[in-house]
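Down below is the structure, laid out as structure tokens.
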Amino acid sequence: MLRHRTTHLAPDGRRVRRTTAARRAAFLVSVVGVLAVGALAGCSSSDGGGGATPPPTGPPAPPPETILALGQRLFDRETFGGNGRTCVTCHMTETGTLTLDAVAARLAAAPGDPLFLHDGLDGGAVGTSRIVQHATIRVELQLPPYVTLENDPTRRTIIVNRGVPSTMNAPALDGVGLAAFMHDLRNNDLQEQALDAVHGHAKGTVEPTREQLDAIAAFEKTDDRFFSSAALRAHGRGGPQVELPAGSTESERRGRLFFLDVAVAGTKQGMCGQCHSGPNLNEISALGNREVGFPVGAKFATALVSETNANLDPVLTFRVDNGSGDVRLVSLPDPGILLTERGRSRHLSLFVSATAHPVLLAGLFKTPSLWGIGRTPPYFHDNSAKSLRAVVDHYADRLFKQITFGGAFVTLTEQDRQDIVAFLTLL
Ligand code: HEC
Ligand code: HEC
């Protein structure tokens with residue numbers, strides 16, 4: 001059962017049908033239909049959407065040293081006349097993110113640390129209980145023209161609590177071709193992302209120049225700290241794609257099978273690889289396309305995290321209008337990609353049909369890389385899973401209770417769960 005509650009409204013606003021618990025499978029099938037068509041429509045780029053540009057080919061030429069030195073200075077020390085924060089305030093050097101241990105240590109060491117300001121505080125004002133418990137940041141998002149809040153139709157922004165995605169691997173490996181950044185894919189490139197961060201998190205008063213934004217992007221794509229291993233760094237510079245580690249114990253080797261992207265009938269092989277495939281382990285594979293219906297290469301899907309709402313974040317009801325009189329309601333704490341306008345996202349322009357109802361994107365999120373995952377708890381866009389074991393339990397007890405694999409519902413046993421965690425920590 002899907003927890004999205006989509007209500008269809010007649011043009012006069014009268015509720016005509018309430019699909020309280022649409023079957024998950026039915027939802028995914030409808031996504032398959034529209035997204036598969038969208039992939040074709042986007043390729044021909046004749047829909048006037050965002051104008052998807054063809055991915056550049058070949059490894060990028062390394063930027064000159066001076067640009068990288070400038071990028072490092074800006075990332076680590078430049079406040080742009082704002083509240084004292086820099087990029088490294090939230091994307092710490094060792095992990096690229098903010099772990100619960102780091103939050104606790106920094107609060108104990110220096111309560112005046114600029115991390116503990118506005119969007120780091122409870123209600124955006126005072127108190128550190130949320131950041132201490134979940135290490136989340138309050139992110140303010142604009143509602144696109146087709147979305148209004150059911151209970152507050154004049155409000156044009158919402159606040160969601162989101163974890164800090166690690167800046168390891170994503171800048172270089174998700175930054176080529178169909179680049180897609182943020183949990184909701186709203187940024188097309190690192191420059192756009194950095195500009196938003198200066199405005200949003202650092203409350204900068206000095207506008208970054210194009211040269212500065214380019215330097216930050218170049219630094220994020222090349223410096224050692226932005227890769228979880230030397231092999232991935234080499235891949236980021238045009239070297240070979242990194243293969244999954246073989247595993248040295250029986251448990252690790254069994255765990256590895258879940259991440260392959262080819263299934264073997266009657267086994268659980270490929271259950272995780274269907275969505276965590278490709279060079280950065282965050283793309284839909286051909287197997288995933290057949291099983292869950294998202295298009296091959298898409299870096300987004302759902303793991304039913306927002307629907308589960310384990311952190312009990314406030315739930316909002318969104319009224320979503322497709323522009324042709326088909327208005328639907330959906331209730332979620334974080335609507336994810338629903339708020340990212342298809343026409344403004346190169347990634348979505350390519351993978352989502354222009355005629356798809358935007359409500360179908362509610363609850364979808366960027367699929368994060370799994371490389372180096374052992375070092376970057378907590379997990380999921382809302383940081384609701386505090387350990388890898390909690391992630392795997394979520395899949396076992398929630399997602400795979402609602403989606404089938406190989407035509408049947410598959411149970412993950414205690415041994416399976418231990419094997420998957422053992423393999424994840426090798427990545
Ligand atoms: C207050 C904490 C904070 C600061 C300061 C901050 N970020 Fe972030 N960063 C976040 C959060 C939270 C997200 C996810 C936001 C979302 O999805 O809405 C994010 C996302 C990102 C991403 C996307 C990663 C991915 O996998 O899609 C990149 C890249 C990034 N930040 C770089 C930067 C840079 C560069 C700076 C400095 C100019 C910066 N950040 C400053 C908290 C922060
Ligand atoms: C249907 C596609 C799909 C399948 C199948 C899938 N994942 Fe995911 N995975 C995602 C998406 C999407 C996210 C981000 C979800 C969110 O934050 O809301 C994610 C997030 C994660 C994360 C958290 C990463 C982070 O940095 O926060 C881990 C770890 C993970 N998945 C492991 C697995 C494992 C292990 C399996 C198999 C048991 C699996 N996934 C199966 C799509 C999938």
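The values are calculated or read from the model by the stated rules, or taken from the named source; none is laboratory data. All of these numbers come straight from a predicted model, not from anything done at the bench. In this analysis, Cβ positions are derived from the backbone assuming ideal geometry, glycine residues included, and neighbour counts consider all displayed protein chains.
Points worth noting:
- Screening ALA298, ALA303 for residues that are over 20 Å from VAL176 (Cβ atoms), buried (at least 19 other Cβ atoms within 10 Å of the Cβ) and either in contact with a Pro (Cβ under 9 Å, 6 or more places away or on another chain) or among the small types (Gly, Ala, Ser) (or both) leaves exactly one candidate, ALA303.
- Odd one out for ALA298, checked against (1) assigned to a loop (DSSP other than H, G, I, E, B); (2) away from ligand 1 (no atom under 16 Å from the Cβ); (3) among the aliphatic types (A, V, I, L, M): (2)
- Test result for LEU339, out of contact with any helix residue (DSSP H, G or I) (no Cβ under 8 Å at 6 or more places or on another chain) and either among the aromatic types (Phe, Trp, Tyr) or under 26 Å from GLN274 (Cα atoms) (or both): yes
- So GLU192, is it modelled with pLDDT under 95 and either surrounded by fewer than 21 Cβ atoms within 10 Å (Cβ to Cβ) or in a loop (DSSP other than H, G, I, E, B) (or both): yes
- Test set (1) within 14 Å of ligand 1 (Cβ to nearest atom); (2) of a type outside the set (Lys, Arg); (3) not in a helix (DSSP H, G or I) - PRO240 fails condition number: (1)
- The one condition in (1) crowded, with 20+ Cβ neighbours inside 10 Å; (2) of a type in the set (Asp, Glu); (3) within 21 Å of the chain's Cα centre (by Cα) that ASP419 fails to fulfil: (3)
- Selection status of GLY204, in contact with an Asp or Glu (Cβ under 8 Å, 6 or more places away or on another chain), more than 16 Å from ligand 2 (Cβ to nearest atom), of a type in the set (Gly, Ala, Ser) and not in a strand (DSSP E or B): no
Residue by residue, here is whether (1) in contact with a helix residue (DSSP H, G or I) (Cβ under 6 Å, 6 or more places away or on another chain); (2) surrounded by fewer than 18 Cβ atoms within 10 Å (Cβ to Cβ) holds:
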{"position": "GLU94", "(1), (2)": "no, yes"}
{"position": "LEU115", "(1), (2)": "yes, no"}
{"position": "GLU140", "(1), (2)": "no, yes"}
{"position": "GLY163", "(1), (2)": "no, no"}
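- Failed item, numbered, when TRP371 is tested on (1) within 9 Å of ligand 2 (Cβ to nearest atom); (2) part of a loop (DSSP other than H, G, I, E, B): (1)
- GLY288, sole failed condition from (1) of a type in the set (Gly, Ala, Ser); (2) in the same structural domain as LEU260 (by TED's automatic domain parsing); (3) within 14 Å of ligand 1 (Cβ to nearest atom): (3)
- Count of segment 198-232 residues, restricted to those that are within 20 Å of the chain's Cα centre (by Cα) and among the hydroxyl-bearing types (Ser, Thr, Tyr), is 1.
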